[in-house]
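This report refers to the structure that appears directly beneath it.
The values are calculated or read from the model by the stated rules, or taken from the named source; none is laboratory data. Keep in mind that what you see is a predicted model, and the values were worked out from it rather than measured. Note that each Cβ is placed from the backbone with ideal geometry, even for glycine, and that neighbours are counted across all protein chains shown. SASA here: full protein model, heavy atoms, side chains in, ligands and nucleic acids out. Shrake-Rupley method; radii C 1.70, N 1.55, O 1.52, S 1.80 Å.
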Amino acid sequence: MAKRYWNEKIECMEHSEMQKLQSERLVKQVKHVWDNVPYYRKKMEEKGVTPDDIKGIEDLHKLPFLSKADLRDAYPYGLLAEPLSNCVRIQSTSGTTGKRVVAFYTQHDIDLWEDCCARAITAVGGTNEDVCQVCYGYGLFTGGPGLNGGSHKVGCLTLPMSSGNTERQIQFMMDLGSTILCCTPSYAAYIGETLHDMGYTPDDIKLKAGIFGAEPWTEEMRHEIEKSLGIKAYDIYGLTETSGPGVSFECEEQTGMHINEDHFIAEIIDPDTGEVLPEGTKGELVFTSITKEAFPLLRYRTRDICVLSRKKCSCGRTLIKMTKPMGRSDDMLIIKGVNVFPSQIETVLIKDFKATPNYQIVVDRVGNADTFEIKIELSDDMFSDTIKDIATLEKKLSADIVQILGIKAKISLVEPKSIPRSEGKAVRVIDKRKLV
Ligand code: ADP
Ligand code: ZN
């Protein structure tokens, strides 16, 4: 039986004990930041707060927020809390939503980060018997280096593949008997598609589990990936600002991700007012890093929208869980005045297609009116269907989109393999309005 926990003491710690640990670490961290980060100290002074006001987690709400705008403002060294001579690594965001942000790490920071990733790998059943194929991008992006380090800690035989060259990925997977796959969910779907295109089935590979994150994905997509690769697909979450993947991870229950609360205190706030919301309420996720040395962000607004829950988990972990983020508050499109998350569209498409289609959402503005088009790729089977069948599908999709969003989209069914595949984070939305 595989080891279930990487750090049982922490992962199954009594909640009150965890709060004590968090309080101690928070008090220390606030002092560290006050002493070493003039940018944040100024923010605290403006709010009239000093380290003496922070006696424990009950005082967390007194601290000012940090946002991505602060990170850009303070770029590159303004939030650094250690001399550069103590830092050993820089990583950077993938720049999905604007200018890149850089984060700094001491060796201790790297160790803790990799430890979080080791927890995630152990939670999906990973041990030193496993062969772990890491196809997240390596380099400045945190996906590859984070999971790579975690895989080493667990003792898996690690394949540092990075993304791309998908046929070679599959060849290695077969030749070397990979049992765990780590990549973005959109790349996992592409690997599944390529496996089948090459004439193989899941029986030809040894994969048992996948650790997929770095972008939003739906439950429907999870089922699709599980089917096409013959595995269990688990979610993992993180962001460069808090170190990278491994801030939270899924266990065998697959009902949300346990947050590594010994390193990160999570809050949910109302994105408009900043008010802290009670557990179980949907809102913006805010993290405070209580163990990081070089880049310790306090009350960092992630812009990711989700729900926290302390409901007992069957895996035995007591760490609080977060739901899959449904997207970032800034991923949300406002089309014809209606709020639209790409994940809502994905849910409709997968239901009507009974498969994960490749799709792209194209928004534009003609005169003063928004145009809204969803391009969906037909599969080879569908492509050979009669025109009548295709027209029926188009009508059904159109009706279902209206039902879920309340607005009409132009549905364009396009030829197989005509929408570009993603080897990293998928680009689902082309918003031409922003280019104007
Ligand atoms: P960028 O902001 O440029 O994409 P990162 O590469 O650091 O920078 O990505 C972090 C972001 O990726 C998170 O804030 C979140 O929006 C998204 N993300 C990471 N993991 C997940 C996940 N499991 N589900 C949904 N979104 C995720
Ligand atoms: Zn659990």
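Taken together, Glu252, Glu284, Glu261 contain a single residue that is surrounded by 21 or more Cβ atoms within 10 Å (Cβ to Cβ), of a type in the set (Asp, Glu) and over 24 Å from Glu24 (Cα atoms), which is Glu284. List every residue pair whose Cβ atoms lie under 7 Å apart, where the two residues are 6 or more positions apart in sequence or sit on different chains, the first residue falls within the stretch 17-37 and is open to solvent by 30 Å² or more (accessible area, probe 1.4 Å), and the second residue, located anywhere, is of a type in the set (A, V, I, L, M, F, W, C) and in a helix (DSSP H, G or I). Final answer for the pair search is Gln19/Ile57; Trp34/Met44.
Given the criterion over 23 Å from Lys227 (Cα atoms) and touching a Ser or Thr at 6+ places or on another chain (Cβ under 6 Å), identify the matching residue among Lys375, Lys336, Lys388.
Working: Lys336 fails: touching a Ser or Thr at 6+ places or on another chain (Cβ under 6 Å); Lys388 fails: touching a Ser or Thr at 6+ places or on another chain (Cβ under 6 Å).
Criteria check complete, one pass: Lys375.
Among the residues making up the stretch 406-423, a single one is closer than 13 Å to Leu349 by Cα and either assigned to a helix (DSSP H, G or I) or under 28 Å from the mean Cα position of the chain (by Cα) (or both): Ala409. Per the conditions (1) in a helix (DSSP H, G or I); (2) more than 16 Å from ligand 1 (Cβ to nearest atom); (3) open to solvent by 40 Å² or more (accessible area, probe 1.4 Å); (4) out of contact with any Gly (no Cβ under 9 Å at 6 or more places or on another chain), the sole criterion not satisfied by Ala69 is (2). Listed by first and then second residue, the pairs linking a residue in the stretch 316-327 that is closer than 18 Å to Glu14 by Cα and at pLDDT below 95 to a residue that is within 12 Å of ligand 2 (Cβ to nearest atom) and assigned to a loop (DSSP other than H, G, I, E, B), with Cβ atoms under 9 Å apart and 6 or more places separating them unless they lie on different chains, form an empty list. The single condition among (1) within 30 Å of Leu66 (Cβ to Cβ); (2) without any contact (Cβ under 8 Å) to a residue 60 or more places away in the chain that Ile170 does not satisfy is (1). Residues in the stretch 318-335 that are touching a His at 6+ places or on another chain (Cβ under 8 Å), open to solvent by 10 Å² or more (accessible area, probe 1.4 Å) and either part of a loop (DSSP other than H, G, I, E, B) or polar (S, T, N, Q) (or both): Thr318, Ile320.
Residue by residue, here is whether (1) free of Cβ contacts under 8 Å to residues at least 40 places away in the same chain; (2) among the aliphatic types (A, V, I, L, M); (3) touching a helix residue (DSSP H, G or I) at 6+ places or on another chain (Cβ under 9 Å) holds:
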site	(1), (2), (3)
Gln360	no, no, no
Arg365	no, no, yes
Leu393	no, yes, yes
Ser398	yes, no, no
Lys408	yes, no, yes
Ile411	yes, yes, yes
Ala426	no, yes, yes
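Screening the candidates Thr122, Thr127 for the property of being over 13 Å from Pro245 (Cβ atoms) and open to solvent by less than 10 Å² (accessible area, probe 1.4 Å) yields one hit, Thr122. Scoring Glu82 on the criteria (1) open to solvent by less than 80 Å² (accessible area, probe 1.4 Å); (2) closer than 30 Å to Thr318 by Cβ; (3) at pLDDT 95 or above leaves a single failure, condition (2).
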